[in-house]
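Here's the structure, in structure tokens; my notes come after.
The values are calculated or read from the model by the stated rules, or taken from the named source; none is laboratory data. On a predicted model such as this, the values are computed, not experimentally measured, just so you know. Positions of Cβ are backbone-derived with ideal geometry, glycine not excepted, and every protein chain shown enters the neighbour counts. Heads up: the accessible areas ignore ligands, DNA and RNA and are worked out on the full protein's heavy atoms, side chains in. Shrake-Rupley method; radii C 1.70, N 1.55, O 1.52, S 1.80 Å.
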Amino acid sequence: MKDGRPSAGPDGIALIDKPSGITSHDAVAIVRRSLGTRKVGHAGTLDPMATGLLVMGVGRATRLLRFLGDLTKVYEGTMRLGVETATLDADGDVIRSTPVDVTDDAIDAAMAAKLGATAQRPPAFSAVKVGGRTLHEAARKGEVIEAPARIVRVDRFERTGRDGVDVRFAAAVSGGTYVRVLAADVGAALGCGAHLTALRRTAIGPFDVRDARPPADPGDPLPLHRAVAHLPRCELIAEEAIAASHGRILGPAAIEGPYGVYDPEGRLVGVYRDDAGKARPLVILAPA
């Protein structure tokens, strides 16, 4: 129910394997048509060239996507040394070519230097907005707008193979990290430049691309609670669950960060956070 009215359409999490050549928004549009609902959103954009896992929220789960943004994302990809492009990937125009004479050890060292917390500036051709303007729209008009650098975390970035100037790699990074920027940074460190030629996202937190389906055939969504299964869990007694369902403040759970609250039957009621000795609601889900 929502505001006393029966809810319509499917509800839950859809794991989608995005093909190359379409935007993440295109994939959302296909899933909307496939499931017959407008209430679909996604967590973690993939560039058109990239393939792999998109986690989508359907119905009430769209309100829970905010809690997926910080999950670690895992990728497999290939970068080409010696060629730089305007977009830092294979979709952009070539702006510089440089002879390549680097060893595997030098590549490994340049990649290892990106591990840990690092400041990264979003690329010009990206969906980031500055002052209400999208960077890629400004870039296509020849305008230069720089987004402020943000701190990202790189847990894994290592070479898994090499064929001449093409270097295969695996990466595990925090949300908001641009892998094509990592590739360009490696090229800059090696003095020959580089760009991304292939990228596939294989996992987001507990979600794996092996469980994903094509946008045109998303199947039945996973249960709603899967969207916050990575968060701590707080079981409520019946009286607390009723209060929580109305968005009321509860007693603190002594849990750091957001946590899911569940009724005695195990149903997800919403997400709370302790604050100043009280538990305050972040999201309350109307009953289905």
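What translational diffusion coefficient, to the nearest whole µm²/s, does region 162-245 have by Stokes-Einstein, given a Kirkwood radius computed over alpha-carbon pairs, a temperature of 10 °C and 1.306 mPa s viscosity?
Values: Rh = 17.2 Å.
In µm²/s, the coefficient rounds to 92.
Would you rank 245, 97, 24 by solvent-accessible area, highest first, keeping every protein chain in place and using a 1.4 Å probe?
I get 97, 245, 24, largest accessible area first.
Please list 54-66, 247-259, 225-237 highest first by mean number of surrounding beta-carbon atoms within 10 Å per residue.
On the way: 54-66: 22.8, 247-259: 13.6, 225-237: 17.3.
Packing order, densest peptide first, comes out as 54-66, 225-237, 247-259.
Taking a probe of 1.4 Å, how large is the accessible area per residue of the chain, in Å²?
Per-residue value: 49 Å².
³J(HN,Hα) across region 214-220 via Karplus (A = 6.51, B = -1.76, C = 1.60, θ = phi - 60°), whole Hz, x for Gly/Pro?
Karplus-based 3J(HN,Hα) across region 214-220 equals x, x, 7, 9, x, x, 6 Hz.
Tell me, what is the FRET efficiency for residue 97 and residue 149 to the nearest 0.05, using R0 = 35 angstrom and their Cβ-Cβ distance as r?
0.80
Which listed residue (285, 230, 165) has the Cα farthest towards the positive end of the charge dipole for the chain, taking +1 on Lys and Arg C-beta and -1 on Asp and Glu C-beta about the Cα centre?
The one lying farthest along the dipole's positive direction is 285.
For a test of understanding, tell me how many lysine pairs in the chain have Cα atoms under 29 Å apart, given they are 8 or more places apart or on different chains.
Count of close lysine pairs: 13.
Per the Kirkwood definition applied to all pairs of different Cα atoms, how many angstroms is the hydrodynamic radius of the chain? Intermediate results must be reported in sequence, preceding the final value.
Numbers: mean 1/r = 0.0481 Å⁻¹.
Kirkwood radius, the chain: 20.8 Å.
Could you give the length gained on full extension between residue 280 and residue 45, defined as 0.36 nm per residue of separation minus the Cα-Cα distance, in nm?
Length gained, residue 280 through residue 45: 81.6 nm.
Of 170, 117, 194, which has the largest mean-square fluctuation in a 10 Å C-alpha GNM of the chain?
Evaluated over the chain, the most mobile residue of the options is 117.
Where Lys and Arg each count +1 and Asp and Glu each count -1, what net charge lies around residue 103 among other residues with Cβ under 13 Å from its Cβ?
Its environment carries a net charge of -2.
If you take the beta carbon distance between residue 72 and residue 243 as r and set R0 to 30 Å, what does 1/(1 + (r/R0)^6) give as a FRET efficiency, to the nearest 0.05?
Values: r = 34 Å, r/R0 = 1.14.
According to the calculation, E is roughly 0.30.
Tell me, what % of the accessible area of the chain is carbon and sulfur with a 1.4 angstrom probe?
Carbon-and-sulfur percentage of accessible area, whole number: 50.
Just reorder 208, 101, 217 by solvent-accessible area, largest first, 1.4 Å probe, all chains present. List each step's numbers first, then the result.
Details: 208 35, 101 145, 217 80 Å².
If we order 208, 101, 217 from most to least accessible, we get 101, 217, 208.
Highest first, please rank the peptides 154-165, 12-23 by the mean number of other Cβ atoms sitting within 10 Å of their residues. Intermediate results must be reported in sequence, preceding the final value.
Details: 154-165: 14.3, 12-23: 19.6.
Answer by packing, highest mean first, reads 12-23, 154-165.
Starting from the amide H of residue 270, placed 1.01 Å from N in the peptide plane, find each other amide H under 5 Å away whose residue is 5 or more places distant or on another chain.
Excluding prolines and chain starts, which carry no amide H, the hits are 261, 285.
How much accessible surface area, in Å² rounded to 10, belongs to the heavy atoms of residue 278 with a 1.4 Å probe?
90
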